Amino acid sequence: MTILATLVDLSRWQFALTAMYHWLFVPLTLGLGFLIAFMETRYVMTGDEFWKRTTKFWMKLFAVNFAMGVATGIILEFEFGTNWSNYSWFVGDIFGAPLAIEGIFAFFMESTFFAVMYFGWNKVSKKAHLVSTWLTAIGTNLSAVWILIANAWMQYPIGMEFNPDTARSEMVDFWAVVSSPVAINKFLHSVTNGYVLASVFVIAVSSWFLLKKRETLLARKSIRVASVFGIISLAVLIGTGDGSAYNVAKVQPMKLAAMEGLYDGSEKAPLVAVGILNPDKDIIGEDGADEDPYLFDISFPNMLSFLATRQADGFVPGINDIIEGGYEFTDREGNTYIEPSFADKKAMGTAAVSALAGYQAAKEAGDTLAMAQNRAVLEQNFDYFGYHYIEEPEDLVPNVPMVFYAFHLMVALGMFFILLFVLYIIFEWKSLIVSDKHKWLLWLGIISVPLVYICSQSGWIVAEVGRQPWTIQNLLPVNAAVSGVEPGNVLTTLIIFAVLFTAMLCVEISIMLKQIKKGGE
């Protein structure tokens, strides 16, 4: 393995480690903030001290999780400069804008009102405290808005122009970046995932209280709020999941092919409900090209075509089609064209990179005619700029088994949570949940906590592993985005972060368990 390959792999591992630990804390904060706000609203409306006590109990757990999320989030943003400096240079003018807004506005807002929310009991009026609680919940979600806008832009780069004088991409349409359909859908899908996770967490803690025959009223009322909030959020989550599939089909077809283990595209393409991939299957030109893609599968006919094209007989390209090109493709803007092959895209990417070098050389020589000619070639081929750095066709293919199984596990667990919320709503409203005959449901709620975190992490694996090898779709692959640092330095910090984040997670779990055992004191 070359030094560059080692550096890229270590940098990716470090960023993935930080991101996945950060995503352990963030979803709970997103959802629990609103659940707390709902409960405190009941307190202000009714004057019932029970709701104040319940709100303060859940607020303690929110506070612990909030602190851990802030710590990992700050480290995550610094890694763009330390490990991915070429990326930061190439698109910093665009990517930095939403992150700056998140830090200056959203994070400032949530941090300020969090202090009033947590420490302001009996120091401000009921209504002022309630406003602070709502603004804290809204602030945490606004932070997610800007971070997810930045992430969505990486996967669907619009509203920009490349400046050959600085060799940087510059934002020309802020609202195109903010209102991107990919950004809107990604935000709604990600935050509702947090709402579902928080609902399951509240149900699980409440179920533990019922098993211990403690805090029965707090537990039952919390289950009512969380179950209803969870089922509504899950309905939105499923709807935005459909939107995500459609967007991915339009802007990242290779990701969709990996999600379905689809090597050869077709019209009336089926959607795999359950399947086991054939480990010997490979792309055209390799030894396993003729193998069946699945050892076993159960599929819904025509469903993938409908999800991807909104037509039951629409053509969905597979991995081999995307590499070979030659099929008709309609992009997100509705433009229809014949998809170029990998070889054609690489040639266009190389032409763009060469034209950039030629432009800069002509600029130094003061040759305005050559500058104009090279700039025209650059603009004509810039859409495939990043393909210059891709060596072989197989480098375009993400880890298919990881993406495939993560996607199907996420969907299967989503269906399970529908059943879980429905059962809790029925059993609670019929007062069956306190019966010793139905302890199985309480245990099911408790063991759902690791399942909902697995589901949440699986979604990010699909989103981020599925878009490899790109940091910015079609424009900048990971091997051209890393910093020029020693692999040993990255390995050292990777180990330090792994130990530190694991320790932080253990501390958080320990503190939370202690608070839960104390109950609503």
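For the stretch 479-484, just list the computed ³J(HN,Hα) in residue order, Karplus coefficients 6.51, -1.76 and 1.60, θ = phi - 60°, integers in Hz, with x standing in for Gly and Pro.
Result, rounded to whole Hz: 6, 9, 9, 6, 7, x.
Suppose we take every Cα in the stretch 1-160 and form the convex hull; what volume per residue is that in Å³?
116
5 Å is the cut-off here: which amide hydrogens, built 1.01 Å from N in the peptide plane, fall below it relative to residue 277, excluding neighbours closer than 5 in sequence?
295
If the viscosity is 1.002 mPa s and the temperature 20 °C, what translational diffusion coefficient in µm²/s does Stokes-Einstein give for the stretch 25-116 when Rh comes from Kirkwood over Cα pairs?
140
Starting from the Cα-Cα distance between residue 412 and residue 379, subtract it from 0.36 nm times their residue separation and give me the gain in nm to one decimal.
Full extension of this stretch gives 7.5 nm more.
With r as the distance between the Cβ atoms of residue 165 and residue 449 and R0 = 60 Å, compute the FRET efficiency 1/(1 + (r/R0)^6) and round to 0.05.
0.70
Given H placed 1.01 Å from N in the peptide plane, which residues other than close sequence neighbours of residue 162 have an amide H under 5 Å from its amide H?
Long-range HN contacts for residue 162: 170.
What do you get when you divide the Cα radius of gyration of the stretch 257-304 by 2.2 N^0.38 Å, with N the number of residues?
1.12
Just the projected area, averaged over all directions, of the convex hull on the alpha carbon atoms of the stretch 182-236: how many nm²?
Its Cα hull, projected and averaged over all orientations, spans 3.4 nm².
Can you tally the net charge around residue 83? Count Lys and Arg as +1, Asp and Glu as -1, for every other residue whose Cβ sits under 14 Å from the Cβ of residue 83.
-3
Could you state how much accessible area residue 23 has, in square angstrom rounded to the nearest 10, with a 1.4 Å probe and all protein chains kept in place?
In the full protein context, residue 23 sits at about 30 Å².
Go through the stretch 333-350 residue by residue and turn each phi into a ³J(HN,Hα) via Karplus (6.51, -1.76, 1.60, θ = phi - 60°); whole Hz please, and just put x for glycine and proline.
Calculated HN-Hα couplings, in order: 8, x, 7, 10, 7, 8, 5, x, 6, 4, 4, 5, 5, 5, 5, 5, x, 5 Hz.
Would you list, by chain and number, the lysines whose Cα falls below 26 Å from the Cα of residue 345, excluding same-chain residues fewer than 8 positions away?
Once the sequence-local lysines are set aside, what remains near residue 345 is 250, 255, 281.
Taking the full set of protein chains and a 1.4 angstrom probe, give the accessible area of residue 108 in square angstrom, rounded to the nearest 10.
Number for this one is 130 Å².
Ignoring solvent entirely, what values of log10 I(q)/I(0) come out of the Debye formula for the stretch 211-299 at 0.13, 0.18, 0.22, 0.24 Å⁻¹ when each Cα is a single scatterer?
Debye output, listed in q order: -0.65, -0.89, -1.13, -1.22.
So what J values fall out for the stretch 454-460 if you push phi through Karplus, 6.51 cos²θ - 1.76 cosθ + 1.60 with θ = phi - 60°, rounded to Hz, Gly and Pro as x?
Going residue by residue, I get 4, 4, 5, 5, 4, x, 6 Hz, with x marking Gly and Pro.
In whole percent, and with a 1.4 Å probe on the protein chains, what portion of the accessible area of the stretch 396-457 is carbon and sulfur?
The value for the stretch 396-457 is 80 percent carbon and sulfur by accessible area.
Equivalent-ellipsoid semi-axes (√(5λ), Cα gyration tensor) for the stretch 355-470, whole Å, largest first?
So the three semi-axes of the stretch 355-470 are 58, 15, 9 Å.
Using a cut-off of under 11 Å, list every residue of the stretch 242-274 whose amide N is near the label point 7 Å from the Cα of residue 292 along the Cα-to-beta-carbon line.
Nothing falls inside the zone, counting backbone N under 11 Å.
Out of every Cα pair in the chain, what percent are spaced more than 41 Å from each other?
27
Rounded to the nearest 500, what is the 222 nm mean residue ellipticity of the chain from helices alone, with -39500 (n - 2.57) per DSSP H run of 4+ residues and division by all residues?
So the helix-based figure for the chain works out to -24000 deg cm²/dmol.
Non-local amide H neighbours of residue 327 (under 5 Å, H modeled in plane, Pro and chain starts lacking H): which ones?
So residue 327 has HN proximity to 339.
For the pairs 213/437; 60/439; 123/517; 52/517; 439/514, flag any whose C-alpha to C-alpha distance is greater than 21 Å.
Correct reply: 60/439; 123/517; 439/514.
Whenever you get a sec, compute what percent of the accessible area on the stretch 111-235 sits on carbon and sulfur atoms (1.4 Å probe).
Its accessible area is 67 percent carbon and sulfur atoms.
Order 467, 214, most accessible first, counting only protein heavy atoms with a 1.4 angstrom probe.
214, 467
The values are calculated or read from the model by the stated rules, or taken from the named source; none is laboratory data. Predicted model only: the values in this text are computed from it and were never measured. Note that we place each Cβ from the backbone using ideal geometry, even for glycine, and neighbour counts take in every protein chain shown. All accessible areas refer to the heavy atoms of the entire protein, side chains included, with ligands and DNA or RNA removed. Shrake-Rupley method; radii C 1.70, N 1.55, O 1.52, S 1.80 Å.
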